[in-house]
Structure formats: structure tokens, C-alpha cells
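> Before I ask anything, let me first share the structure, which is written out below as C-alpha cells.
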Amino acid sequence: MDVTRVRPSLYGEIAHGLGFWTDRSAVHEAAAQGRALQLQQLIEGGAAVNIVAIDSITPLHEACIQGQTQCVRLLLGAGAQVDARNIDGSTPLCDACAAGSLECVKLLLEYGATVNPQLFTFSPLHEACMGGNSDCVQLMIDQGAFMEAHDCHYGTPLHVACARQHYDCAKVLLSAGANVNAAKLHETALHHAAKTKNVDLVELLVEFGGNVYARDNLNKKPIHYTSLGSPCYRCIEFYENTPLSLQQISRVTVRRTLGTRAQSKYISEDCMELD
């Protein structure tokens with residue numbers, strides 16, 4: 001089990017169940033539980049801040065997955081390795097994004113955390129989308145995160161956002177120029193939205209140029225994953241039978257042409273407001 005992708009509040013419970021506690025140092029404990037004073041005393045006493053527990057988890061990982069900003073600051077100030085990786089390859093930045101701790105993310109970036117780790121599949125941006133943390137998604141994009149980073153199982157961050165029904169994250173990605181029709185085994189984000197029966201996501205994706213006719217590796221269109229007559233079915237059926245207006249086509253074309261530049265002030269205020 002990849003404990004770095006588990007909901008933060010369950011992390012300690014799962015770790016305890018697997019027997020991790022006996023392999024963790026006092027520094028790990030203080031960092032995870034936000035005991036900043038104790039952590040400072042341990043550091044001043046010469047405790048190693050880069051000591052690893054089972055699965056190569058460092059105290060910085062622990063502090064980030066729990067969103068313990070003060071402890072993160074103490075560890076980084078004491079020389080904690082900002083890009084340390086656990087056995088799954090996750091960095092503290094991944095954990096902070098998963099936890100939705102914007103302040104921890106900012107601290108890590110200040111200390112030079114790598115936004116796009118090399119030879120890494122599930123990126124910090126994926127983690128932010130998995131957790132539904134749209135503020136972290138925006139910050140990572142602002143820092144140059146690859147929106148088309150591809151995980152062999154999950155696909156792109158947009159796939160993750162739609163599979164988990166995180167509308168705000170999907171909107172941030174699309175507004176920044178993410179490829180709405182990026183495919184994972186020919187499966188698009190629109191397929192995910194259809195599978196989750198999320199009409200709002202379907203409408204958002206179509207607004208940004210999602211292809212309702214796209215077929216996955218099973219030769220199924222998004223509508224094939226909906227129930228006949230359901231709201232989601234009727235929504236997709238409408239888009240299949242109703243050609244886009246010239247206004248919609250123009251908006252999609254502008255976004256597709258500009259890519260990540262579509263998020264600029266000029267575009268968002270002057271070109272996107274065509275309705």
C-alpha cells in the first residue's frame with residue numbers, strides 16, 4: 001500500500017497497523033505530531049533530521065503528510081533533504097500536496113523542492129489533484145508543473161481530478177491549458193466524468209473542447225458509461241446531437257492554440273468572455 005496517497009488523517013492509523021511506529025525515531029514522532037518544541041530540542045541535541053524509517057520515510061515526509069508547517073520549517077532549517085524519496089519515490093512535496101497544506105508546499109518550494117522530479121510517474125501535481133487541493137494545483141502550475149505528466153495507471157493530473165470528481169482542480173488545470181483530450185489507453189477525462197455520472201464535469205470538459213465521440217480501448221464513447229435516460233446520459237446525448245456554436249468553436253480554438261498562455265490576464269479577461 002502506498003501510504004503517501006492515503007488520506008492524511010488515516011496515515012498514522014495505517015502506519016501503526018503495519019508496525020511502523022517501532023521503526024520510527026523520536027524525530028519522526030515529533031514531526032508527525034506537530035510537537036515543534038520537542039523537535040527543536042531534539043535537533044539542538046544533535047538528532048539526525050535525515051534519519052529514515054521503514055520504507056525510507058524521513059521526518060520531513062511525516063511532517064508534510066500531516067501538514068505540520070512549523071515542524072517542516074524546523075527540519076528544513078536544520079538541513080533536512082528537501083527532495084528525499086521514500087520507497088515509492090514520493091518526495092515531501094508530494095506529501096504536502098496530498099495533504100493540501102499550502103504553507104508546507106510554499107516552504108518546500110522556498111528550499112528548492114523539485115516541482116517535476118525526474119524518472120517519476122505520480123507527480124506532486126497528481127497528488128494535489130488526487131486530494132482535491134485546487135490551491136496547491138494552482139501553485140504547482142504557477143511553479144511550472146507539467147500538466148501532461150503521465151502516470152501509467154492514473155494518466156494525467158486531469159484524469160485524476162475527473163476520476164476523483166474534483167471539479168475545482170479540473171477547472172484550474174483546464175484554465176491553465178491542460179490537454180482536455182489527453183488519453184490513457186485511449187480513455188479521456190470525459191470518459192472518467194461519464195463513469196462518475198458527474199454532469200457538471202461533463203459540461204466543463206465539453207466547454208473546454210472535450211470530444212464526446214472519443215473512444216477508449218474498449219471502443220466505448222463516454223455516453224456508453226452512463227445509464228440510459230440518466231441526467232448524465234441526456235447531457236452527453238445533447239452534445240452529441242447539437243453542433244457547437246461558432247462562438248464555442250472560437251473559444252476552444254483560442255484555448256487550444258495558446259495552451260498554457262491561455263491563463264494570462266489578457267486572455268482570461270478579454271478573449272475568454274465571449275458569452
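None of the figures in this text is laboratory data; all of them are computed from the coordinates on show. Please read all numbers here as calculations on a predicted model, not as lab measurements. Positions of Cβ are backbone-derived with ideal geometry, glycine not excepted, and every protein chain shown enters the neighbour counts.
> Q143 to Q165: extension gain in nm, 0.36 nm per residue of separation minus the Cα-Cα distance? Intermediate values should be presented prior to the final figure.
Working: separation 22, 0.36 × 22 = 7.92 nm, distance 2.41 nm.
So the extension gain works out to 5.5 nm.
> Got the relative contact order for the stretch 49-190 handy, in percent, Cα pairs under 8 Å and 6 or more residues apart?
Working: 235 pairs, mean separation 23.6, N = 142.
After rounding, I find 17 percent.
> I've got another one for you. Mind sorting S230, S25 by how few other Cβ atoms lie within 10 Å of their own Cβ, fewest first?
Working: S230 12, S25 18.
Taking fewest neighbouring Cβ atoms as first place, the list is S230, S25.
> Mind ranking 196-203, 45-52 by how tightly packed they are, going by the mean number of other C-beta atoms within 10 angstrom, highest first?
Details: 196-203: 19.1, 45-52: 14.1.
The peptides rank, most packed first, as 196-203, 45-52.
> Still on this model: What lysines sit close enough to K221 to cross-link, taking a C-alpha to C-alpha distance under 16 Å and skipping anything fewer than 8 places away on the same chain?
The reachable lysines, counting only those whose Cα sits under 16 Å from K221, are K184, K195, K197.
> Continuing with the same structure: For a footprinting-style exposure proxy, rank H186, H192 by other Cβ within 10 Å, fewest first.
H186, H192
> Enter the Cα centre distance for the pair the stretch 82-102 and the stretch 24-66, rounded to the nearest angstrom.
The stretch 82-102 and the stretch 24-66 have Cα centres separated by 15 Å.
> So, one more: Viscosity 0.692 mPa s, temperature 37 °C: what is the translational diffusion coefficient of the stretch 113-203 from Stokes-Einstein with a Kirkwood Rh over Cα pairs, rounded to a whole number of µm²/s? Display every interim value, and only then the final one.
On the way: Rh = 12.7 Å.
In µm²/s, the coefficient is 259.
> Taking K and R as +1 and D and E as -1, what net charge do the other residues with C-beta under 13 Å from the C-beta of M140 add up to?
Working: positive: K106; negative: E127, D135, D142.
In short, -2.
> Right, another one. Most exposed first by the Cβ proxy, i.e. fewest other Cβ within 10 Å, how do I54, I43, I141 rank? All intermediate terms of the calculation are to be shown ahead of the outcome.
Numbers: I54 14, I43 20, I141 23.
Fewest to most other Cβ atoms nearby, the residues stand as I54, I43, I141.
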